[in-house]
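Here is the structure we will look at, set down as structure tokens.
The values are calculated or read from the model by the stated rules, or taken from the named source; none is laboratory data. Every value quoted in this text rests on a predicted model; they were computed, and no experiment measured them. Please note: Cβ atoms are built from the backbone with ideal geometry, for glycine as well, and neighbour counts cover all protein chains shown. When the accessible area is computed, the model is the full protein with side chains, heavy atoms only, and any ligands, DNA or RNA have been set aside. Shrake-Rupley method; radii C 1.70, N 1.55, O 1.52, S 1.80 Å.
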Amino acid sequence: MAARATGQPVTFMTAVAIIALCAAKGPIFHFSDTWQLVINTSTTIVTFLMVFLIQNTQNRDSEVMQIKLDELIRAIENAHNALLDLEELSDEEIDLVRADYEKLAQKARAELQRRRT
């Protein structure tokens, strides 16, 4: 919900308006140390919170994409169901699976090259 709201054009325009308002107040406060502290603290807090919001959104998108890929693998008749939940393997196990598929790709390229000649 928050990610969707912050990604809307109206939110962007509101942020631009707030920035313009803060910049316009600078001369009124003679760009004092307090004014700078308030601006810097505000932007730091917003940036800090947005990092977590963006990370949450990316995690959610990744999980949804993984579920969709799992369903495609499951639904295809000759697919290797062992690839379901591949993201749950350790890095070493993933490297072994990747090596197997790299070998398959090399064989396929060699076969394609053999057919061309």
Legend entry - Added length on full extension, which subtracts the Cα-Cα distance from 0.36 nm per residue, V38 to Q66: 5.9 nm
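I need the Kirkwood Rh of the chain: take the reciprocal of the average 1/r across all distinct C-alpha pairs and report it in angstrom.
Value: 19.7 Å, from the Cα pair sum.
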Inset, instruction - Give me the accessible area of L37, 1.4 Å probe, in Å² rounded to the nearest 10. - result: 110 Å²
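When the accessible area of the chain is computed with all protein chains present and a 1.4 Å probe, what percentage of it is carbon and sulfur?
Percent of accessible area from carbon and sulfur atoms in the chain: 64.
Given +1 on the Cβ of Lys and Arg, -1 on the Cβ of Asp and Glu, and no further charges, what dipole in debye does the chain carry about its Cα centre, rounded to the nearest 20? Before the final figure, lay out the partial values.
Values: 12 positive and 16 negative charges, 149 e Å.
So the magnitude is around 720 debye.
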Legend entry - Charge-dipole axis of the chain as Lys and Arg at +1 and Asp and Glu at -1 on Cβ define it, positive-most pick from A2, T44, Q113: Q113
Legend entry - Cα-projected label distance for D95 with L49, points at 7 Å along beta-carbon direction, nm: 4.2 nm
Inset, instruction - Could you state the accessible area per residue of the chain in Å², with a 1.4 Å probe and every protein chain left in place? - result: 88 Å²
Legend entry - Helix-only [θ]222 nm of the chain, DSSP H runs n ≥ 4, -39500 (n - 2.57) each, per residue, nearest 500: -28500 deg cm²/dmol
Inset, instruction - With a cut-off of at most 15 other beta carbons within 10 Å, and DSSP calling the residue loop, which GluC sites (Glu not before Pro) in the range 33-96 qualify? Please list them. - result: E77
